[in-house]
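**Q** Sending over a structure as structure tokens; questions will come in a sec.
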Amino acid sequence: MRFFKVFSLCKLVVMIVERKKNGSTVVLYVRSHNISLEMAKTTDSKEIIDILREDTDVFDVTTGGLLLRFRKKVIPTAQTESFYEAVKSLARLKTANRARFQGNQAEPRSKAEDKGKSNKYIMSNIFGFMDGWSASQKQYFQRQHTPIPRPEIRPSMFNLRFPNRYKQTWPFLRTIDAEYKKLVPDRYRAQRRKANQIRDFTVAGTAFTTVTLNLNHYSRLHTDSGDDEEGFGNLTVIERGEYRGGETCFPRYGLGVDVRTGDLLFMNVHEPHSNLPIEYKTPDAQRLSVVCYLRKQIWLQGRTMTHKQRQIHNKTVRRLLHDNKK
């Protein structure tokens, strides 16, 4: 048995307990100290020193559970390029709402660009299905004397305004879904059962209701509380230009994962995680992360509806959103 000191967190040592090989895949057994998210936030994520760059499975020896499963170059290049062309305009939209709710920060090109201050606007956007209505949509319903539609489930404006681009994303997302089923079958089955109950609110018939696009920003340490607890996070990246950093990291374990174009990371998103700052090497450098998941609230609100009720709901919501155009 081999022991590797990874880093000190609040004077507690986090270690890789054992390292094995299963064919070409590295298998790590790790131990984490049971500390709170607030305590984990006190560490500097730059202290992460063990970056995974090859096919790797990581298990927590304390719980016996899977922390992550990482695979290199599993998404076909043609699907990746087609997906990128479909979503690149959406990915570049800037918003303050996502930054407020997630605690994320825009990734500055240089210190001079933001003079050391956080930018409240980030390029983090969603397509697929969403839960909850925006303030402007609620105001529109009020002006029209229209009751707020229930359940509060709606397709994104990307779905509605650009149906051809939306369909263009499906092969890429279905490949992720298929790899999820193959590599994390127990988590996939649990999530798939829920997705089947709300099939009209899923993306391309996958186990996902929602896709998040994060372009050139880093997430502060957090857990994904809105995701299905029984499922697993699905993350891939599309690169442009050259950069360093951006690794997805798990500070309580002292691990980071260098996800690149065509790679797939399946991970326990209810474990505190973040990503490292990006150092841009070329002016055109971009790191677009693509996160696929099932929103718990969509399932909770939609699971008791019949197929016909879901269809009627979608038709009504599409009409209202088309009339509002916001």
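**Q** Only one of these is of a type in the set (Ser, Thr, Tyr) and in contact with an Asp or Glu (Cβ under 6 Å, 6 or more places away or on another chain): THR261, THR248, THR223. Name it.
**A** When all the criteria are applied, what remains is THR261.
**Q** Another question, then. Of the residues that sit in segment 182-193 and are farther than 21 Å from ARG303 by Cβ and in contact (Cβ under 8 Å) with a residue 24 or more places away in the chain, which one is surrounded by the most Cβ atoms within 10 Å (Cβ to Cβ)? Walk me through how you get there before you give the answer.
**A** Taking segment 182-193 and keeping what is farther than 21 Å from ARG303 by Cβ, we get 182-185.
Going one step further and asking which of them are in contact (Cβ under 8 Å) with a residue 24 or more places away in the chain, we end up with 183-184.
On the way: LEU183: 18, VAL184: 20.
Per the stated criteria, the residue is VAL184.
**Q** Mind listing just one residue for me: the one in segment 106-137 that is modelled with pLDDT under 80 and of a type in the set (D, E, K, R) and, of those, surrounded by the most Cβ atoms within 10 Å (Cβ to Cβ)?
**A** Once the filter is applied, the top-ranked residue is GLU107.
**Q** Let me ask something else about it. Just to check your reading of the model, which residue among THR248, THR223 is β-branched (Val, Ile, Thr), at pLDDT below 95 and surrounded by fewer than 19 Cβ atoms within 10 Å (Cβ to Cβ)? So that I can check it myself, show each step before the final result.
**A** Numbers: THR248 fails: surrounded by fewer than 19 Cβ atoms within 10 Å (Cβ to Cβ).
The match here is THR223.
**Q** On to the next question. List the number of the failed condition for GLY302; all other conditions in (1) in contact with a Lys or Arg (Cβ under 7 Å, 6 or more places away or on another chain); (2) over 24 Å from LYS194 (Cβ atoms) hold.
**A** Unmet for GLY302, out of (1) in contact with a Lys or Arg (Cβ under 7 Å, 6 or more places away or on another chain); (2) over 24 Å from LYS194 (Cβ atoms): (2).
**Q** May I pose another question? With respect to ILE298, is the statement that it is assigned to a helix (DSSP H, G or I), touching a strand residue (DSSP E or B) at 6+ places or on another chain (Cβ under 6 Å) and either closer than 28 Å to THR175 by Cβ or at pLDDT 95 or above (or both) true?
**A** Working: assigned to a helix (DSSP H, G or I): yes; touching a strand residue (DSSP E or B) at 6+ places or on another chain (Cβ under 6 Å): yes; either closer than 28 Å to THR175 by Cβ or at pLDDT 95 or above (or both): yes.
Answer is yes for this residue.
The values are calculated or read from the model by the stated rules, or taken from the named source; none is laboratory data. The structure presented is a predicted model; accordingly, all values stated were derived computationally and were not measured. Positions of Cβ are generated from backbone atoms using ideal geometry, with glycine treated the same way; all protein chains shown enter the neighbour counts.
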